[in-house]
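Beneath this line is the structure, given in structure tokens, with notes to follow.
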Amino acid sequence: MDMGRNLFVRREVETAKAYSPGLSVDEIRDLYGLERIIKLASNENPLGASPMARRAVERAAGSIFRYAQSGSPRLAEAIAAMHRVKPECVALGNGSDEVIDLLIRCRAEPGRHNIVTFKPCYSLYALQAGFCGVELRTAPLRKDFSFDWEALLTLVDGMTSLVFVTTPDNPSGYCPPARELEALAGRLPAETLLVLDEAYMDFAAYADGAVDGALADYSLLPRFNELNNVIILRTFSKSYGLAGLRLGYGLMPAALAGYLRRVRLPFSVNTLAEAAGLAVLRDRDFHLASLREVERGRALLSRELTGLGCPVYPSLSNFIMFSPPPGASLSAAGLFDALLRRGVILRRLDSYGLPEFLRVSVGKEEENILFLEHLQELLAAV
Ligand SMILES: Cc1ncc(COP(=O)(O)O)c(C=O)c1O
């Protein structure tokens, strides 16, 4: 008997695809019985978690029987102070994924509005738009994965409620200059909001040994208070090392942030995430060390992958997109499987429509070197 026929679900749910995550360490350990696994699949922090965050979580553990303070105002204030924006403009979420979902649900009405982005792009924009029944229009990236603003703008009309741009982009690592983003914001219709997903911006903005040393070159965040049609999304999952706790936020016009707070499920930011978030904002040494480690590792991976003959895409993020050397007997999928059997997890990009590429997250130095050694052996073996 087809039980599915008796279930009333919305059409969008029936056809919805699930998010395709990177493989986990436990999955691969169980599958291949390996002892040492190197996970370079999900752009996590190579240094792990900040010691100050761990201590804060331990201290907060005694209060997990209580609900968190509604709206996490202390954290919103700390974030606002860091970015020099008003606390009312900060909308927190259970990861920036929740903020993306809330923006779509609050701002895009099915059958009326549309959302515009590039293709390929971070998959959640399309997944949540599809689930909400909202039209998603996509402009192709250029062959070199740079952004074709004219192609994007031809899709925008008076009913475009959100334009999503990921910068630096996932999965390519491409990062456009801030002046191009400002020009784009200036050309959008009055009601359209430009959402800049800056999940990886810390890695681009780190320069000359300083956090945010190059921020103004790549981000509109320093201009946020002057621009009234720009939303900036940030996450604690990458440079702050809190992916498992789920914490992200958006900076946006105060009225819209108020709607998001109204619609968000109560307490979606939990007690431990809030405590850890406050702690990592204070742990400047850990943040700086993380950015330094990524800059060093990215340079090593990029140089060595190129040396092995792999086409490598220039990245300002904490990952690198590459493909096997032209003429190699292993395809991207074959290479991915062979590395997996040796305990190295990369990210296949089939779900981005890019089956010929792989993405490697920058790991700790020893992990990067081990990955490169395995890769070299595999490429030499056939
Ligand atoms: C471009 C982009 N935006 C948002 C996210 C979601 O991050 P979070 O862990 O804050 O939900 C990711 C995570 O991989 C991402 O790549």
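Computed from backbone phi with θ = phi - 60° and the Karplus coefficients 6.51, -1.76 and 1.60, the 3J(HN,Hα) list for the range 13-19 is 6, 4, 9, 5, 9, 7, 4 Hz; x is used for glycine and proline. In the context of the full set of protein chains, residues of the range 78-177 present 36 Å² of accessible surface per residue (probe radius 1.4 Å, heavy atoms only). Inter-part distance, the range 113-162 to the range 14-75, computed on C-alpha centroids, equals 29 Å.
Annotation: amide H of Thr160 within the under-5 Å range of Asn114, sequence separation 5 or more or interchain, hydrogens built in the peptide plane. Highest mean packing first, where packing is the average number of other Cβ atoms within 10 Å per residue, the peptides 321-333, 36-48 line up as 36-48, 321-333. Report note on the peptides 306-319, 162-175: ranked by the mean count of other C-beta atoms within 10 Å, highest first, their order is 162-175, 306-319. A straight line joining the Cα centroids of the range 163-193 and the range 251-288 runs 23 Å. A dipole drawn for the range 51-283 from +1 and -1 charges on Cβ atoms has a positive end, and of Tyr218, Ser237, His113 the residue lying farthest that way is Ser237. Remark: the range 319-326, residue by residue, has Karplus-estimated 3J(HN,Hα) of 8, 9, 9, 8, 10, x, x, x Hz, where x stands for each Gly or Pro and the curve is 6.51 cos²θ - 1.76 cosθ + 1.60 at θ = phi - 60°.
Given the pairs Lys17/Lys119; Lys39/Lys364; Lys143/Lys364, which span a C-alpha to C-alpha distance of over 19 angstrom in this model? Checking Cα-Cα distances, Lys143/Lys364 exceed 19 Å. Residues whose amide H lies under 5 Å from that of Leu308, counting only those 5 or more places away or on a different chain, are absent; hydrogens are built 1.01 Å from N in the peptide plane.
The portion of the accessible surface of the range 51-283 made up by carbon and sulfur, rounded to a whole percent, is 52 (1.4 Å probe; DNA, RNA and ligands excluded). Size descriptors for the chain: radius of gyration and Dmax over Cα atoms are 21.0, 65 Å. In this Cβ point-charge picture (+1 for Lys and Arg, -1 for Asp and Glu), the range 51-283 has a dipole of about 760 debye about its Cα centre. Per-residue ellipticity at 222 nm from helix content only, as computed over the chain with -39500 (n - 2.57) for each DSSP H run of at least four residues, stands at -12000 deg cm²/dmol. Remark: the range 54-61, residue by residue, has Karplus-estimated 3J(HN,Hα) of 4, 5, 5, 5, 4, 5, 6, 4 Hz, where x stands for each Gly or Pro and the curve is 6.51 cos²θ - 1.76 cosθ + 1.60 at θ = phi - 60°. Rolling a 1.4 Å probe over the protein heavy atoms gives the range 233-382 an accessible area of 40 Å² per residue.
The values are calculated or read from the model by the stated rules, or taken from the named source; none is laboratory data. Everything numeric in this text was worked out from a predicted model, so none of it was measured. Heads up, the Cβs are rebuilt from the backbone with ideal geometry, glycines too, and the neighbour counts pull from every protein chain shown. Ligands, DNA and RNA are stripped out before the accessible areas are found, and what is left, the full protein with its side chains, is counted by its heavy atoms. Shrake-Rupley method; radii C 1.70, N 1.55, O 1.52, S 1.80 Å.
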